[in-house]
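**Q** What follows is a structure written as structure tokens; I'll ask about it next.
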Amino acid sequence: MSTASEPTGFGDLSFAERVILVQDLWDSIAAEQQGFELSPERKAELNRRLAAYRADRNPGSPWQEVKARILSKL
């Protein structure tokens, strides 16, 4: 896994081009999801989280609030 200081070959791409690259990559992964199986442990964890959400109905915080909280701690 590379870090920001390591050469990746993506440095010549603009921000928009990198976003498009990530979107295209994600779309290619999503297209193959039929062959992806979750482990029993992950299925159980997702079911636990879904049950907790249904019991609480707390949708979380809007992105702007989360971002503001994070930035206020910097």
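**Q** Given 0.36 nm per residue, what is the gain on full extension from ASP27 to GLU65 after removing their alpha carbon distance, in nm? Walk me through the numbers on the way to the answer.
**A** On the way: separation 38, 0.36 × 38 = 13.68 nm, distance 2.83 nm.
Result for the pair: 10.8 nm of gain on full extension.
**Q** Can you give the angle from 0 to 90° between the axis of helix 40-56 and the longest principal axis of the chain, with both taken from C-alpha atoms, to the nearest 10?
**A** Compared with the principal axis, the helix lies near 70 degrees.
**Q** Another question, then. Among 54-62, 41-49, what's the highest-first ranking by average C-beta atoms within 10 angstrom per residue? Walk me through the numbers on the way to the answer.
**A** Numbers: 54-62: 8.1, 41-49: 10.3.
Going from most to least packed, we get 41-49, 54-62.
**Q** In debye, nearest 20, what is the charge dipole magnitude of the chain about its Cα centre with +1 on Lys and Arg Cβ and -1 on Asp and Glu Cβ, if you could check? Mind showing how you got there, number by number?
**A** Details: 10 positive and 11 negative charges, 135 e Å.
Rounded to the nearest 20 debye, it is 640 debye.
**Q** Treat each spin label as a single point 7 Å out from the Cα along the C-beta direction, and report the ALA55 to GLU41 distance in nm.
**A** In this crude spin-label approximation the distance works out to 2.2 nm.
**Q** Against the globular-protein guess of 2.2 N^0.38 Å, express the Cα radius of gyration of the stretch 15-72 as a ratio, rounded to two decimals. Intermediate values should be presented prior to the final figure.
**A** Working: Rg = 16.7 Å, N = 58, 2.2 N^0.38 = 10.3 Å.
The value comes to 1.62.
**Q** Of the options SER14, PHE36, LEU25, report the single residue whose Cα projects farthest towards the positive end of the charge dipole of the chain (beta-carbon charges: Lys, Arg +1; Asp, Glu -1).
**A** PHE36
Read-outs throughout are calculated quantities, based only on the coordinates presented, and are distinct from any laboratory measurement. Because the structure is predicted, anything quoted here is derived from the model rather than measured. In this analysis, Cβ positions are derived from the backbone assuming ideal geometry, glycine residues included, and neighbour counts consider all displayed protein chains.
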